[in-house]
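Below: the structure, in structure tokens.
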Amino acid sequence: MLSHVVKHGEGVPLHLEQLTRSVLSSDVLKLSADGTSYSLTGNLSELALPTSLENAIRGNLDNIGKADPTVKLLIELTAVLGGHFRMEEMAELWRLADDSGGGDESLQRALMIAMKKRVITSISSKGYVPSGRNRKSSAGENIQFMFMHLRILDVVATNMLKARAAELW
């Protein structure tokens, strides 16, 4: 399995990470009951790895969006903001764009999921703790976030419909 992923990833760390995410989200592997290992549940030749880095990113983002539409919205809004944002900017935009009715709580939940999925990261030296209305670090700075990699921004921006981008602006 490892050699199959490494061969397709061509030694590019982001590509290897995205391919690994693709494999882990497929039905070819099954997590053990104790959560410490995976076992092959099908034929490795049945595993269709994405043919490019962009396809791998797109597939992983599609899976995230299907699992939670608010995370997809956060990712799209991040792309509209140029790939990085301060929390206060996102909170204002979120109030306009989010129709889930979850407000600040849905934004914080979506942000935590996007960070856990390694799509978005905090660029503050103190990190991010989702508490309080101001969401500032202990140093008093407004927390800033960005895509983990610019290629993610490229894929999201390319795939967003022009009408959707205009709506979010």
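Below is a table of values for the structure above.
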| quantity | calculated |
| --- | --- |
| Computed Kirkwood radius, in angstrom, where 1/r is averaged over Cα pairs of region 2-49 | 11.3 Å |
| Hz values of 3J(HN,Hα) by residue in region 76-92 - Karplus curve (6.51, -1.76, 1.60), Gly and Pro given as x | 5, 5, 4, 5, 4, 7, x, x, 8, 7, 8, 4, 5, 5, 5, 4, 5 |
| Under 5 Å, built H, 5+ apart or other chain: amide partners of Ser26 | none |
| J(HN,Hα) series, region 62-68, from Karplus relation 6.51 cos²θ - 1.76 cosθ + 1.60, nearest Hz, glycine and proline x | 4, 4, 5, x, 5, 6, 7 |
| Fewest-first ranking of Ile120, Ile143, using other Cβ atoms within 10 Å as the exposure measure | Ile143, Ile120 |
| Residue-wise HN-Hα coupling along region 46-54, computed from phi with Karplus coefficients 6.51, -1.76, 1.60 (Hz; x: Gly, Pro) | 7, 6, 9, 6, x, 7, 8, 4, 4 |
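Read the figures in this text as sums done on the coordinates, not as results from a lab. Please read these numbers as outputs of a predicted model, since none were measured by experiment. Every residue, glycine among them, receives a Cβ derived from its backbone with ideal geometry; neighbour counts consider all protein chains shown.
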